[in-house]
Amino acid sequence: RSFLQILGRVTLITVVGGTGAFYYATQKDRTPGPQKPADPTKKTIVVLGSGWGATSLLKNLDTEDYNVVVISPKNYFLFTPLLPSVAVGTLSPRSILQPTRYVTRHKTRAVSVIEAEAKSVDPVNKTVTFVDNSEIQGEVTTTTISYDYLVYAVGAEVQTFGIPGVREHACFMKELHDAERMQRQFMDCVESAAFPGQSAEELERLLHIVVVGGGPTGIELSGELHDFLEDDLKAWYPELAGKIRITLVEALPSVLPMFSKQLIEYTESTFKESKIDILTKTMVKQVKEKSVVLQRPDKSVVDVPCGMVVWAAGNTGRQITKDLMAKLPEAQNNRRGIAVDEHMHMAGTNGSIFAIGDCTATSYAPTAQVASQQGAYLARKLKQIAKKEDAEARLTQLEQERKNISGEENVVKLEQEIESVRKSLAKIKLRPFHYSHQGSLAYIGSEKAIADLPFMNGNFASGGVATFLFWRSAYMSTLFSLRNRTLVANDWMKVKLFGRDVSRD
Ligand code: FAD
Ligand code: NAI
């Protein structure tokens, strides 16, 4: 046989085998099997949230050991690292969502998923009260349930520092609806600028986008906006595209303080080439309907006209978190968030509440990486706790039997069993959480990304197109499901072939 024939056969087998495996995996995902019902003899874990921490916990938790209830106002997990891509239409919103039931329906024991917002936690009586805030409601909209363990993973909300006008006039970049709103508002600015008869001043205003916050969210969003401008708007709005300006405002002396100096400089020079203005040491003091008030490094204040402001100035604790902390004033007095020990126990709750992710105040940065590692850790820990509690209960039972038993042979047998349970109890180690930093990555536009990676006991900093490919593959593999990976890959291909959609819904 010729080499070409062999190559043809190998290719055919690979394609058919690959397609079969892909089809099998998707069908397996779509057809979850029967689940065990809730078991009243087991303890109940209530999980608040369906974000990075909660979803990682749910993926890894063995539901044989517990009855699990998940409460979240969103019935899905949002893959936040790709949210800025949704804001400019590179990705469709649904490509980065994973319904929570797609995870819980595959667990051994049925998990109760409730779309509701937790309103209060009573750490003394161990109860959670939650409400249905959605548009369509049933007869019952408020309920209180009890927990044995509470996993508190409600994340954080956008920090506005009480700056006037931010809530009223700026777009956030935290939730899915923020990205959708930004996309609509941005296209509205462009279409209003295209309305005949606008003055030169008004054109300049409408086409000026101000991004507040030089953290990774602000940087990634500015990069994505620049790509949209270069790759698509230049073709469809040739008379306007050259007039669109992006300004990034940062209060600190530099952007991206968590990255190395070399990568900060690389980002700054890429932004310069991309004509994105960076204003450092500049503080936003007010956001108005048609402008933003800036305090410059020399303390002078200037009113800068703009069509849209995107607010990416960091996070703060949610009201429910502040209320919960206020119920434990002695143990919970950290202004940054919930104080936890190295086992993720919320201080002051005798081990009944675990807090993970952005709602906590730890030495780690509030990132998805930390929250998901904490979620996975907690799943392992809860398994160990269940094992320990089972062994302790068995030991108590055997020791009780030992008091009433007679006959030497029976006593010896029972004592051997007691000894074996004691040994297995001694082996159960509840280890503290250990964070393993996998590095920091950020997309900076123009098909370039930056990466600070831990490498051979040092740090490897890299930026550029190769890093962009690494960024894409890293996020691709981090996406929680085959479904999301397929949808995201499909969107990337669609944009490569047809460009981004410029219609405004
Ligand atoms: P979240 O993921 O925010 O989840 C909180 C959950 O709680 C949500 O499901 C929410 O609906 C729910 N909830 C809220 N209120 C209540 C309530 N009252 N009752 C019940 N449930 C409630 N980190 C990285 O490491 N890498 C990145 O590339 C990265 N990119 C990001 C990009 C953007 C645009 C943003 C906004 C963040 C990014 N982050 C990134 C940070 C990362 O998203 C957060 O650190 C992470 O989401 C924290 O996880 P969490 O589980 O604590 O909170
Ligand atoms: P951030 O807190 O990292 O950055 C916000 C920035 O806004 C700060 O630098 C702050 O100085 C600035 N700021 C605040 N108020 C201001 C004002 N009035 N005027 C001007 N500037 C002001 O917030 P971000 O970027 O949303 O990130 C939140 C968390 O999520 C971080 O821990 C970050 O590491 C993580 N994240 C990680 C990403 C990645 O790794 N690629 C991407 C996005 C977020």
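The values are calculated or read from the model by the stated rules, or taken from the named source; none is laboratory data. A quick note: this is a predicted structure, and the numbers were derived from the prediction, not measured. With ideal geometry, Cβ positions are generated from the backbone for all residues, glycine too; neighbour counts draw on all protein chains shown. Note: accessible area is taken over every heavy atom of the protein model, side chains too, but ligands, DNA and RNA are not part of it. Shrake-Rupley method; radii C 1.70, N 1.55, O 1.52, S 1.80 Å.
Treat each spin label as a single point 7 Å out from the Cα along the C-beta direction, and report the Ser269 to Ser134 distance in nm.
Computed distance between label sites Ser269 and Ser134 equals 5.2 nm.
With θ set to phi - 60° and the Karplus curve 6.51 cos²θ - 1.76 cosθ + 1.60, what are the ³J(HN,Hα) couplings of segment 111-124 in order, to the nearest whole Hz, using x for Gly and Pro?
Each residue's phi maps through the Karplus curve to give 10, 8, 10, 10, 7, 7, 9, 5, 9, 7, 10, 10, x, 7 Hz.
Given a 1.4 Å probe and every protein chain left where it sits, what share in percent of the accessible area of the chain is carbon and sulfur? Before the final figure, lay out the partial values.
Values: 14270 of 26260 Å².
With neighbouring chains kept in place, the figure for the chain is 54 percent.
Per the helix-only calculation at 222 nm, which mean residue ellipticity applies to the chain, given -39500 (n - 2.57) for every DSSP H run of n ≥ 4 and division by its residues, nearest 500 deg cm²/dmol? Mind showing how you got there, number by number?
Details: 15 runs with 203 residues, N = 505.
Value at 222 nm, helices only: -13000 deg cm²/dmol.
Which shape class applies to segment 192-314: rounded if a/c is under 1.5, otherwise prolate when a/b exceeds b/c and oblate if not, where a ≥ b ≥ c are the square roots of the Cα gyration tensor eigenvalues?
Values: a/c = 2.36, a/b = 1.30, b/c = 1.82.
Oblate, because a/c is 1.5 or more while a/b does not exceed b/c.
If you take the Cα atoms of segment 71-201, find Rg, then find the Kirkwood Rh from the mean of 1/r over all pairs, what is Rg/Rh? Don't skip to the end; give the middle numbers.
Working: Rg = 19.7 Å, Rh = 18.2 Å.
Taking Rg over the Kirkwood Rh, I get 1.08.
So how far apart, in nm, are the two label points at Arg296 and Ala21 if each is 7 Å from Cα heading toward Cβ?
6.0
Please go through segment 256-354 and write out the trypsin sites (Lys or Arg not before Pro) that DSSP classes as loop and that have at most 16 other C-beta atoms within 10 Å. List each step's numbers first, then the result.
On the way: sites: Lys261, Lys272, Lys275, Lys281, Lys285, Lys288, Lys290, Lys299, Arg318, Lys322, Lys327, Arg335, Arg336; in loops: Lys275, Lys281, Lys288, Lys290, Lys299, Arg318, Lys327, Arg335, Arg336.
In loop regions of segment 256-354 (DSSP not H, G, I, E or B), the sparsely surrounded trypsin sites (Lys or Arg not before Pro) are Lys275, Lys281, Lys288, Lys290, Lys299, Lys327, Arg335, Arg336.
Please list the non-local residues whose amide H lies under 5 Å from the amide H of Ile114, H modeled 1.01 Å from N, same-chain partners needing a gap of 5 or more.
Here the answer is Val70, Ile71, Ser72, since their amide H atoms fall under 5 Å of that of Ile114.
How compact and how long is segment 286-384, expressed as Rg and Dmax of its alpha-carbon atoms in Å?
Over segment 286-384's Cα set, Rg and Dmax evaluate to 19.2, 59 Å.
Just need the relative contact order of the chain here, percent rounded to a whole number, with Cα pairs under 8 Å and 6+ apart.
Values: 884 pairs, mean separation 87.4, N = 505.
Reported as a whole number, the value is 17 percent.
Given the peptides 217-230, 379-392, arrange them by the average over their residues of other C-beta atoms within 10 Å, most packed first. If you can, show how the numbers build up before the last one.
Values: 217-230: 24.9, 379-392: 16.7.
So the peptides 217-230, 379-392, ranked by packing, come out 217-230, 379-392.
Once R0 is set to 30 Å, what does the formula 1/(1 + (r/R0)^6) return for the Cβ-Cβ distance between Ala200 and Glu447, expressed as a FRET efficiency to the nearest 0.05?
Values: r = 33 Å, r/R0 = 1.09.
FRET efficiency, Ala200 to Glu447: 0.35.
So which aspartates and glutamates can Lys322 reach, going by Cα to Cα under 17 Å and dropping same-chain residues fewer than 8 places off?
Glu117, Asp122, Glu157, Glu330, Asp358
Let me check I've understood the local charge: for His343, count other residues with C-beta under 11 angstrom from its C-beta, Lys and Arg +1, Asp and Glu -1. What total comes out? Don't skip to the answer; put the middle values down first.
Details: positive: Lys381, Arg431; negative: Asp341, Glu342.
Taking every other residue near His343 into account, the sum is 0.
To the nearest µm²/s, what D does Stokes-Einstein give for segment 253-343 at 37 °C and 0.692 mPa s, using the Kirkwood radius over alpha carbon pairs as Rh? Mind dumping the intermediate values first?
Details: Rh = 16.9 Å.
Once the numbers are plugged in, D ends up at 194 µm²/s.
Loop-only chymotrypsin sites (Phe, Trp or Tyr not before Pro) in segment 107-201, please: DSSP not H, G, I, E or B, and at most 13 other Cβ atoms within 10 Å. Write down the numbers at each step before the final one.
Details: sites: Phe130, Tyr147, Tyr149, Tyr152, Phe161, Phe172, Phe186; in loops: Tyr147, Phe161.
Here the sparse-neighbourhood loop sites are Phe161.
What are the ³J(HN,Hα) values, in whole Hz, obtained from phi via the Karplus relation 6.51 cos²θ - 1.76 cosθ + 1.60 with θ = phi - 60°, for each residue of segment 429-440 in sequence order, with x given for Gly and Pro?
In residue order, the calculated couplings are 10, 8, 6, x, 5, 10, 8, 10, 6, 8, x, 10 Hz.
Any idea how far the Cα center of segment 389-463 sits from the one of segment 248-263, in Å?
Between the Cα centres of segment 389-463 and segment 248-263 lies a distance of 39 Å.
Can you give me the pair-distance distribution of segment 344-493, C-alpha pairs, 10 Å bins, whole percents?
9, 23, 23, 18, 13, 9, 5, 1, 0
Using 0.36 nm per residue of separation minus the Cα-Cα distance, give me the extension gain between Val124 and Lys403 in nm, one decimal.
Working: separation 279, 0.36 × 279 = 100.44 nm, distance 3.57 nm.
Here the segment from Val124 to Lys403 would lengthen by 96.9 nm.
If you bin every alpha carbon distance in the chain into 10 Å steps from zero, what whole percent lands in each bin?
The calculated distribution, bin by bin, is 3, 16, 24, 24, 17, 9, 4, 2, 1, 0, 0.
Please list, or write none, the lysines whose alpha carbon is within less than 25 Å of the alpha carbon of Lys261, excluding same-chain residues fewer than 8 places away.
The qualifying lysines are Lys272, Lys275, Lys281, Lys448.
How high is the FRET efficiency between Trp492 and Ile418 when r is their beta carbon distance and R₀ equals 60 Å, given to the nearest 0.05? The partial results should precede the final answer.
Values: r = 61 Å, r/R0 = 1.01.
E between Trp492 and Ile418, to the nearest 0.05, is 0.50.
Do any of Lys107/Lys381; Lys43/Lys174; Lys107/Lys383 go past 23 Å between their Cα atoms, and which? If you can, show how the numbers build up before the last one.
On the way: Lys107/Lys381 18 Å; Lys43/Lys174 34 Å; Lys107/Lys383 14 Å.
Checking Cα-Cα distances, Lys43/Lys174 exceed 23 Å.
Skip the ligands, DNA and RNA, and give the accessible area per residue of the chain with a 1.4 Å probe, whole Å². Can you show the working numbers first?
Values: 26260 Å² over 505 residues.
Result: 52 Å² of accessible area for each residue.
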